[in-house]
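Notes to accompany the following structure.
The values are calculated or read from the model by the stated rules, or taken from the named source; none is laboratory data. Computed from a predicted model, the values in this text were never measured in an experiment. So basically every Cβ, Gly included, is an ideal-geometry build from the backbone, and we count neighbours across all protein chains shown. To get the accessible areas, we keep the full protein, side chains included, count just its heavy atoms, and leave off ligands, DNA and RNA. Shrake-Rupley method; radii C 1.70, N 1.55, O 1.52, S 1.80 Å.
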Amino acid sequence: MINITLNGKKLSVEEGMTILQVAQQERIDIPTLCYHPLLEPYAACRMCVVEVKGDSKSELKTSCNTKVQEGMVIETDSERTLNARRLNIELLMARAPAAKVIQEMAAQMGIEKTPFPIENPEAKCILCGMCVRVCEDVVGAHVLTFEERGFERKVTTAFNMPSEKCIECGACAYFCPTEAIRVEDFRGREVLHSELTLGPTTAIRIPFMQSTPNVPFIDKDNCIHFKTDKCKLCEMVCEPEAINHDVEDTFKEIEVGSAVLATGYELLDCSNMPQYGYGRLDNVITSLEFEHLCHASGPTGGKILLKDGREPKGVAILHCIGSRDENYMKYCSRVCCMYAMKMAHLVHEKVDAEVYEFYIDIRAFGKGYEEFYNRMQKEGTHFIRGKAAEVTNAALIPEEENKLIVRAEDTTVNMIRRIPVDLVILCPAIVARKDSEKIMKLFGLCSTPDGFFKEQHPKLGPVSTDADGIFLAGACQGPKDIPDTVAQGAGAAGAVMSLGDEVAIEPIFSAIDEEICVGCKICIGVCPYDAISYVEDKKISSIEETLCKGCGACVAACPSGAADQNCFTNSQIEAEVSGALF
Amino acid sequence: MKPYRAELMVCAGTGCVSNGAFQVKDALENEIKERGLENEVRVVTTGCNGFCGVGPLLVVHPDGIFYQLLTTKDIPYLVEEHFLKGRPVQRLMYTPPEDKLPVPKMSEIEFFKHQMLIALRNRGIIDPENIEEYIARDGYTGLAKALNGMTPEEIIQTVKDSKLRGRGGAGFQTGVKWELTRKAKEKTKYIVCNADEGDPGAYMDRSILESDPHSILEGMIIGARAIGAQQGFIYIRHEYPLAMKRLLIAIDQAKEYGLLGDNIFDTGFSFDIQVHRGAGAFVCGEETALLSALEGQRGEPRPRPPYPVEHGLSGYPTNINNVETWANIPVIISRGAKWYAEIGTENSKGTKVFSLVGKINNTGLVEVPMGIKLRDIIYGIGGGIPDGKKFKAVQTGGPSGGCIPDSLIDLPIDYESLKEAGSMMGSGGMVVMDEDTCMVDVARYFLTFTCDESCGKCSPCRDGTKYLLDILTRITEGKGNMEDLDLLEGLSKVVKETALCGLGQTAPNPILTTMKYFRDEYESHIKDKKCPAKVCRQLNIYTIDEERCVTEGHGCGVCMRECPEKAITGEKKKAHKINQEICVKCGACYDVCRFGAVIVE
Amino acid sequence: MPKITPKDLARIREKSRQSTTLREGAGRAKVTVHMGTCGIAAGARDIMSALMKEVESRDVKDVLVTTSGCAGLCSREPMITVELLDQPPIKYVDLTKEKMQKIFEDHVMNGNIVNEYALAVGSERAH
Amino acid sequence: METNTFEPKIVGFLCRWCTYQGADLAGTSRMEYPPNLIPVRVMCSGRVDPSFVMQAYSEGADAVVIFGCHLGDCHYQEGNYKAMRRYHLLKKMIEELGIEPQRLQLEWVSASEGERYQKEVSRIFSEVRELGPLDLNNGKAQSNG
């Protein structure tokens, strides 16, 4: 422990602490600009100077990098210190007049105007180097740097060109105290941090509110550490030391008798459909994004807001985006009509806006569904029968200015309509997951032409598959709403339970006639299940019926005709061939 | 080694080389061959002699005759007269300004007479590209002594006892620094020679590197032994190609002789030196910026603490000394701390090399004992001010030093007194100014340099120096007001107190000292809109003495033709006039008038 | 070359002593060959080369050889002046190569003035 | 142009897991294809004994097709490879016997490929129709009915 005097107060503090750390612990405010607890002290802004009094002389020292020493006498707000800070902030006011943090700091010190000439009233960068240091030391991407020196110093990339090394982590913008750096995505859309959960997302997050276990995870695809091998800031700030980047995914093998596949679905990627402007126009979102927006734990706390924070006055909900469409998915996604009406209901409930539903047919086939449809008509939702042709922001008349215009043919009145709205919600097709092919391979399944998993029989075996013990539940089998999914899930669980302790063996299996077999062992070679063994004392081959799957390879291979397959005996097939040619 | 009867030491320092020393040398060699003297007389190229103002120069041994300002045309006559006939040529000798008679012997020239050579001990005497000549002058005996008879602690104690202080500027005790580095925990340690001499007009380090590179190597090897370093670096600026070349030759030779590398003198001690070229940023002379540059980073200072002795190059303890400091080490070891400590003053021991430039008769490099009075340097060694002008001030310590006025001419030169006077030792620049110098302009000039060289990391230096320069420029243009003086002083103090590194902390020194000693000049610029030295042209009023214009110049009209703004009117044989409303005060008329008819007020 | 030892340093120092002695201007003996026009005409060059040869063959390190202009006694050229440390200079006249060798041997090396060739013992210096 | 009205008899051995299901899918999808191919369901294309093929020719089939799962997709791991080996041997054998090689075909059709089944059957049908009837007994094709 070290004894110091801070602003006249005698303190005993831990060795190795900086003056700034001690002051913060004591709740003494020292202004800082280039200091960040997660970065090495840079000591460039010189705002954190304090007066350190020695025996003969006193010195101004930057508190961010000066460690306390035995007997130090420190004044954080002596006249000399304040004077130095004041002039310093005046210098920065001239450099970055538009930086809010500088304006506020100056106001706190009672400074209204800088005595120094302002060159660029828009300038915000105070050259604190936070972005450069983060990019260099924390992220390790080495993209940002300074160019020029002295007064001409600037933050830039190498050769002032877009850098290929940039991993688009946005850390520079996040650390920038003056908002001099902002992140824009490649479509020219600016990404605000409040929006990050809707767009590119943080690398550490709780996947969704009801996730189990309800703990954050690190998304390796977005985590800086897995791109540059650096960062690990989360590890530094996590007090219980619960974060460990070196943990590899572990694979556990669990032996089970059966499995239920409930791998779900994906939404069709709407950015491939330029006519609807998704990803290009602001305020064109998908139904899932709208769901997120409405969620109480969502980015707006459940309020329905436009990107600029306004409430929408008009909302268009576009059905069948990619469903029932020869160019995309031919099938009906089944659930969109109903959820689209639910969304209309939510809009009515939360904001005062006109809602337009553009539909081909309303498919309200479930229990109570038609009634809900009627209710929505009464609530004032405009149902326009006609698939939306395009969404555009090109206004033709003044009412369309600054609006999104949905163009569609209204087939009930036989005319083309242009409806200006503020928010467009797309209901994209439900499609099979991109990785479903892999799962099919893994379990020996087939798919229907639409890419969903194929059930054993559409009517007689809707939960089971061609593979023994593998069952299906939910949208992996086809577009399905929640009640159907629950029902199928219950069915699958029931099917699994009913398997019991007994093993159902194939009704079709092969057997070897002991009398005929000469023990040539050819069948042993062809059996893929090791079901055939050679009986040494009888000098013949023998088939274990419980292992035999009944493929009949041995029968076809048997040169003596000793092997045969029940239900598909040689004579039966021969008879069938004969019958066919009769 | 073949004996010669005479050796012609041609100075091949950068100053002389740029004035044609190599051409002179070639001419000499040709001429000697032509006269059949090549077996008797030898030409040797040496490093800088120090008296750079009169180069190319030649010293003839054994007589010690000093020839100056040589051209190739002088050579045939010189060779015939001196080397063939033995008659030294008076015409080419140095003549002191106030004297009529030339001084033939180098040792009798005032410039050399008062100097005391320790760091520059071998200048002009040895061929810097020949290790044997260095050894002949007791080179590497200090190293032999340090490695064979002394423990590292004893070496450090000797350096401590000598009270040698860092010659780079700050004047930290070298021995203490070594001890701190030695005591640092890490096993890997580095030593660095700071040869990034960036002060304009100062070139003592270059001179040492060019004339005696082995002395630095020897110093570094001894230092490495004392500190426990395995690797040394010499950070040399790229603008010193000759120094760089000689240094590399010296390192190769030292390696060949086994003085560098593994197991030196069979003592089991190994050490190697690597030369690193800098790209000429003034700030890289600052030790932490230099380390950044060595690591391959941007040459920018880092906050201290942590200090390099604990956390230096790549995080390892690093001892940094400048060229002159290293060059002193071998002599201190071989001749002992006591001998060294007897030279100089109470707190500043030994000698210091200064580069004496500006308005002075004898410009060049001088090495003098600490404590010598400013007067002795300026009037003794320097030979006073040219054209009988009055001495006004001297700027010491490079662009970030301060100006010392004539009232302090008897100031003894050591670290403390200079600091007290508001200046500093710096690396040893000494710019002499006469009465024709405007002190505001001087401050502005130096601020232009520091502002330009600021790395831009910390705001006081980056923005502060810029605005200081703005204010000074304003004042020299006659647009200043009295509030500017307060702002200037206040800002200067804050920059000095809060800048991150030495560059910024010392940058306001020229302003603060000139304001302290020459405040009246500032006020005159602001209140009267006059520059007393008539240097700030924007404040001058140019008029034509009509009588003189007619009687002396017969209205020649040159000024009229020269005037870019056509502000001068007049006819031949009649007096010309300047229209003050159009005049932009460029001073062109004043420069061209041969009759002194243009008057500056 | 192999590594050097501290002893080698002394050896190299000794070897290079000649040139450094010259530069420091501090020899034990100094021989001035008068090489004015008259001297050269009378054969001072031969004397000079004989002298240089002596210095080289004997490997002496502490003898300075220098030249001067006409000494004013043109009829007795070639002429040299030999100065030993702390002794007045001696001028030798009418020299030949052989005489030069003898003077070098007796006077320069061993300190015995060769009276038969000497002009006089004088106090004048070369410059 | 004379229209070919030859109605060939084609025996198809259909793997129970893939092609039979695919054929089922073609049927439930209401796809149209020639009825000339008579499917014989076997558990696996690897079950097809070469004697079945020869029997079919001898009993009057104009062509024989073996359908199996795509390579790598066999329900029994590698039955279709076994079928493929036999197919190549059989092909050589029937050529020796003077039967056009096009009269024996091997096709992979999966359970989801109803459309493919339809196309393949149609293709084989028209190829065989072009070839005309199989004549094993010097131009006197044995006819069972």
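Here the strands (runs of 3 or more DSSP E) wholly within segment A:365-451 that include at least 3 residues being under 30 Å from A:Phe471 (Cα atoms) are A:430-432. Just one of the listed residues (A:Ala107, A:Ala94, A:Ala99, A:Ala84) is among the small types (Gly, Ala, Ser), without any contact (Cβ under 8 Å) to a residue 40 or more places away in the chain and away from chain B (no Cβ under 12 Å), namely A:Ala107.
If you go through segment B:21-50 and keep only what is more than 14 Å from every other protein chain (Cβ to nearest Cβ) and either farther than 21 Å from B:Pro76 by Cβ or touching a strand residue (DSSP E or B) at 6+ places or on another chain (Cβ under 7 Å) (or both), you end up with B:Ala21, B:Val24, B:Lys25, B:Leu28, B:Glu29, B:Cys48, B:Gly50.
Candidates A:Arg149, A:Arg153, A:Arg133: the one that is surrounded by fewer than 22 Cβ atoms within 10 Å (Cβ to Cβ), touching a strand residue (DSSP E or B) at 6+ places or on another chain (Cβ under 7 Å) and among the charged types (D, E, K, R) is A:Arg153.
Only one of the listed residues (A:Thr32, A:Thr18) is surrounded by 18 or more Cβ atoms within 10 Å (Cβ to Cβ), closer than 15 Å to B:Arg304 by Cα and of a type in the set (Ser, Thr, Tyr). That residue is A:Thr18. Among the residues that make up segment A:502-524, is at least one of them within 14 Å of chain D (Cβ to nearest Cβ) and either closer than 30 Å to A:Gly368 by Cβ or under 32 Å from the mean Cα position of the chain (by Cα) (or both)? So far as segment A:502-524 goes, no, none of its residues is within 14 Å of chain D (Cβ to nearest Cβ) and either closer than 30 Å to A:Gly368 by Cβ or under 32 Å from the mean Cα position of the chain (by Cα) (or both). Checked against the criterion of being among the polar types (S, T, N, Q), within 14 Å of chain A (Cβ to nearest Cβ), assigned to a helix (DSSP H, G or I) and without any contact (Cβ under 8 Å) to a residue 40 or more places away in the chain, the candidates B:Thr448, B:Thr465 yield just one match: B:Thr448. Residue check: D:Tyr81 meets all listed conditions (1) outside any helix (DSSP H, G or I); (2) surrounded by fewer than 22 Cβ atoms within 10 Å (Cβ to Cβ) but one, namely (1).
In segment C:1-33, which residue that is more than 7 Å from every other protein chain (Cβ to nearest Cβ), modelled with pLDDT of 75 or more and in contact with a Gly (Cβ under 8 Å, 6 or more places away or on another chain) is surrounded by the most Cβ atoms within 10 Å (Cβ to Cβ)? Step by step, filter segment C:1-33, then rank; the result is C:Val33.
Mind checking whether some residue in segment A:555-575 is open to solvent by 50 Å² or more (accessible area, probe 1.4 Å), touching a helix residue (DSSP H, G or I) at 6+ places or on another chain (Cβ under 8 Å) and facing another protein chain (nearest Cβ under 8 Å)? Yes, there is a match, as at least one residue in segment A:555-575 is open to solvent by 50 Å² or more (accessible area, probe 1.4 Å), touching a helix residue (DSSP H, G or I) at 6+ places or on another chain (Cβ under 8 Å) and facing another protein chain (nearest Cβ under 8 Å). Within segment B:358-391, being open to solvent by 30 Å² or more (accessible area, probe 1.4 Å) and out of contact with any helix residue (DSSP H, G or I) (no Cβ under 6 Å at 6 or more places or on another chain) holds for B:Gly358, B:Lys359, B:Pro369, B:Lys373, B:Arg375, B:Asp376, B:Tyr379, B:Pro386, B:Asp387, B:Gly388, B:Lys389, B:Lys390. Of all the listed residues (B:Glu546, B:Glu571, B:Glu523), the sole one being acidic (Asp, Glu), modelled with pLDDT of 90 or more and open to solvent by 40 Å² or more (accessible area, probe 1.4 Å) is B:Glu523. Restricted to segment C:55-124, the set of strands (runs of 3 or more DSSP E) holding at least 3 residues that are within 27 Å of B:Val60 (Cα to Cα) and of a type in the set (Val, Ile, Thr) comprises C:63-68, C:80-84. The residues on offer are B:Leu247, B:Leu294, B:Leu260, B:Leu290, and the sole one that is closer than 30 Å to B:Gly47 by Cα and either within 14 Å of chain C (Cβ to nearest Cβ) or open to solvent by 40 Å² or more (accessible area, probe 1.4 Å) (or both) is B:Leu260.
Taking the conditions exactly as written (open to solvent by 10 Å² or more (accessible area, probe 1.4 Å), of a type in the set (Ser, Thr, Tyr) and more than 14 Å from chain A (Cβ to nearest Cβ)), does B:Ser423 satisfy them or not? Criteria not met by B:Ser423. List the number of the failed condition for A:Ala43; all other conditions in (1) farther than 14 Å from B:Glu497 by Cα; (2) buried (at least 21 other Cβ atoms within 10 Å of the Cβ) hold. Going through the list (1) farther than 14 Å from B:Glu497 by Cα; (2) buried (at least 21 other Cβ atoms within 10 Å of the Cβ), A:Ala43 breaks only (1).
Listed here are the residues, each with its yes/no results for (1) more than 30 Å from A:Lys61 (Cβ to Cβ); (2) among the small types (Gly, Ala, Ser).
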| position | (1), (2) |
| --- | --- |
| B:Arg225 | yes, no |
| B:Phe233 | no, no |
| B:Met244 | yes, no |
| B:Gly280 | yes, yes |
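Set side by side, the residues C:Ile47, C:Ile40, C:Ile80, C:Ile103 differ, and just one is of a type outside the set (Ser, Thr, Tyr) and surrounded by fewer than 22 Cβ atoms within 10 Å (Cβ to Cβ), which is C:Ile40. Can we say B:Glu416 is without any contact (Cβ under 8 Å) to a residue 40 or more places away in the chain, open to solvent by 40 Å² or more (accessible area, probe 1.4 Å), over 18 Å from B:Ala202 (Cα atoms) and within 14 Å of chain A (Cβ to nearest Cβ)? No, not satisfied. Taken together, the residues in segment D:1-55 that are surrounded by fewer than 21 Cβ atoms within 10 Å (Cβ to Cβ) and small (Gly, Ala, Ser) amount to 3. On the stretch given as segment A:90-112, residues that are surrounded by fewer than 18 Cβ atoms within 10 Å (Cβ to Cβ) and either of a type in the set (S, T, N, Q) or within 18 Å of B:Thr465 (Cβ to Cβ) (or both) total 2.
Of all residues being within 11 Å of another protein chain (Cβ to nearest Cβ) and under 51 Å from the mean Cα position of the chain (by Cα) in segment A:69-81, which is least open to solvent (accessible area, probe 1.4 Å)? Just the residue, please.
Residue satisfying both the conditions and the ranking: A:Thr81.
Considering B:Pro152, B:Pro128, which residue is open to solvent by 10 Å² or more (accessible area, probe 1.4 Å), away from chain C (no Cβ under 12 Å) and in contact (Cβ under 8 Å) with a residue 12 or more places away in the chain?
B:Pro152
Applying the set (1) charged (D, E, K, R); (2) open to solvent by 10 Å² or more (accessible area, probe 1.4 Å); (3) more than 14 Å from chain C (Cβ to nearest Cβ) to B:Asp252 leaves exactly one unmet item: (3).
Only a single item in (1) open to solvent by 10 Å² or more (accessible area, probe 1.4 Å); (2) more than 12 Å from every other protein chain (Cβ to nearest Cβ); (3) under 32 Å from the mean Cα position of the chain (by Cα); (4) modelled with pLDDT of 90 or more is not met by B:Phe269, and it is number (3).
Looking only at residues of segment B:4-20 that are free of Cβ contacts under 8 Å to residues at least 40 places away in the same chain and under 19 Å from B:His82 (Cα atoms), we find that the one that is nearest to the other protein chains (Cβ to nearest Cβ) is B:Arg5.
Among the residues of segment D:16-39, at least one is touching a residue at least 40 places away in the same chain (Cβ under 8 Å), at the interface with chain A (Cβ under 8 Å from one of its Cβ atoms) and not polar (S, T, N, Q).
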